[in-house]
Amino acid sequence: MRRARPTLAAVARHAGVSVTTVSKVLNSRTDVAAGTRERVAASMRAVGYVPTTAKRLFAEGASLAVVFDGITNAYSAQVLESVRTAAYERGAELSVDIMQAVPDGRPVPWTEEWVRRCLARGTVGALAVATEVSDAAVALCEDIGLPVVLVDPPHRPGRRTVSIGSTNYAGALEAVEHLVAAGHRRVAFLGGTRGDDATLERLAGCRSALDVHGLPEPTVVLDAPTVDRATEAALVLLSAEPRPTAVMCANDVIALRVLEAARRLGIPVPAELSVVGFDDTYLAEWAVPPLTSVHQPIREMGMLAATTLLDLAEGRRPPARRLQLATTLVVRSTTAAAPEAAVGGAA
């Protein structure tokens, strides 16, 4: 049987250093101590490692650890697919950890034990998607030799941490401007987790769009973190008098529950109620009727996160610590003129 070719991880284990340090030596980086460089070179000879090309350092079985709170939603699935595409193009594999579903006996992500196990299996970086990671945990990972990149973190990380996101404020601002232009004056905002930075930025954009036109503050509900709670909140919101004529939602899943609540209450969409989501996952296009939504460039965010993380693992500096990609509004069939505007009534 053909003997397996030695990997970067094997060199790192033999030398007692991280895979990142080995790749720095292969890249002739100057920020590695001479003694460490000599030890890595000796380990390469000892395990029989032969470099291929400098641009394919990760073709030797290295991987990225991708950490989620859960992947039973369209957003996480689309991020994971784009991360996989970018990682494979650079010769890296993926391993996935779920924060809330780690079986007994396995380390929880972000502990020192978990980080060291990642390094032992050839992991060169960790990517957290919409998951809370403390600055202390990021510092621990980096000190041990595991660079970290965050995608859509719930709270703004420290200045040293690299994060990838989108223009939440501008996206919501554009969406509510669209509603105002259609004559809507009673706008509500339905959010998910109270205190989540992305939700608060989207709420701020909604408020700004109304304020600039001298319109009343939106009715705000920030208590819909689950599908059931979102449905309940939407039913209460749409049963109020006077009822809002438009609802700006913090994400597509919440928007779909608003559509379901409207169906149960016999409120036609968009004739009497306009609904806007955020994310523009594939659920938006599949909705009935198709959902107007703020498009986050999810594919581009995932690919940028993966390539940035691999660059960090190779010792390169990121272009910025906080990267935000532009959003755009995709208008479909859940928004139309407000009922009053449609009949020429008062604003």
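The values are calculated or read from the model by the stated rules, or taken from the named source; none is laboratory data. This one's a predicted model, so the numbers in the text were calculated from it and none came from an experiment. Neighbour counts are summed over all protein chains in view; Cβ atoms, including those assigned to glycine, are modelled from backbone coordinates with ideal geometry. With ligands, DNA and RNA removed, areas are computed over all heavy atoms of the protein, side chains included. Shrake-Rupley method; radii C 1.70, N 1.55, O 1.52, S 1.80 Å.
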_Output for the range 133-178, where each listed residue is among the hydrophobic types (A, V, I, L, M, F, W, C), within 23 Å of Q296 (Cα to Cα) and over 16 Å from the mean Cα position of the chain (by Cα)_ = A170, A172, L173, A175, V176
*Of all residues in the range 11-32, count the ones that are surrounded by fewer than 17 Cβ atoms within 10 Å (Cβ to Cβ) and farther than 20 Å from C141 by Cα.*
4
*In the range 122-156, what residues are in a helix (DSSP H, G or I) and surrounded by fewer than 20 Cβ atoms within 10 Å (Cβ to Cβ)?*
D135, A136, A139, L140, E142, D143, I144
*Give the residue that is nearest to S163 (Cα to Cα), with candidates limited to residues of the range 244-298 that are assigned to a loop (DSSP other than H, G, I, E, B) and among the charged types (D, E, K, R).*
D280
*Could you tell me whether A306 is hydrophobic (A, V, I, L, M, F, W, C), crowded, with 19+ Cβ neighbours inside 10 Å and either touching a His at 6+ places or on another chain (Cβ under 8 Å) or not in a helix (DSSP H, G or I) (or both)?*
no
_Those residues of the range 164-204 which are more than 26 Å from D228 (Cβ to Cβ) and in a helix (DSSP H, G or I), in sequence order_ = Y169, A170, G171, L173, E174, V176, E177, H178, L179, V180, A181, A204
*Can you name the number of the only condition in (1) outside any loop (DSSP other than H, G, I, E, B); (2) surrounded by fewer than 18 Cβ atoms within 10 Å (Cβ to Cβ) that R159 fails?*
(1)
*Just one of (1) among the β-branched types (V, I, T); (2) under 21 Å from the mean Cα position of the chain (by Cα); (3) open to solvent by less than 10 Å² (accessible area, probe 1.4 Å) trips up V330, so point out which.*
(3)
*Of M248, M301, which residue is open to solvent by less than 40 Å² (accessible area, probe 1.4 Å) and either within 19 Å of V187 (Cβ to Cβ) or without any contact (Cβ under 8 Å) to a residue 60 or more places away in the chain (or both)?*
M248
*For the range 174-198, what are the residues that are of a type outside the set (A, V, I, L, M) and at pLDDT 95 or above?*
E174, E177, H178, G183, H184, R185, R186, F189
_Regarding the range 314-332, can at least one residue be identified that is free of Cβ contacts under 8 Å to residues at least 60 places away in the same chain, farther than 30 Å from G91 by Cα and part of a loop (DSSP other than H, G, I, E, B)?_
yes
*Pick from R243, R257: which is surrounded by 15 or more Cβ atoms within 10 Å (Cβ to Cβ), of a type outside the set (A, V, I, L, M, F, W, C) and farther than 21 Å from V330 by Cβ?*
R243
_Residue that is over 18 Å from the mean Cα position of the chain (by Cα) and of a type in the set (V, I, T), where the choices are V294, V276_ = V276
_Meets criteria (within 28 Å of M248 (Cβ to Cβ) and in contact with a Phe, Trp or Tyr (Cβ under 8 Å, 6 or more places away or on another chain)) for G171_ = yes
*Filtered residues of the range 35-49 (kept if surrounded by 14 or more Cβ atoms within 10 Å (Cβ to Cβ) and either outside any helix (DSSP H, G or I) or among the polar types (S, T, N, Q) (or both))*: T36, S43, Y49
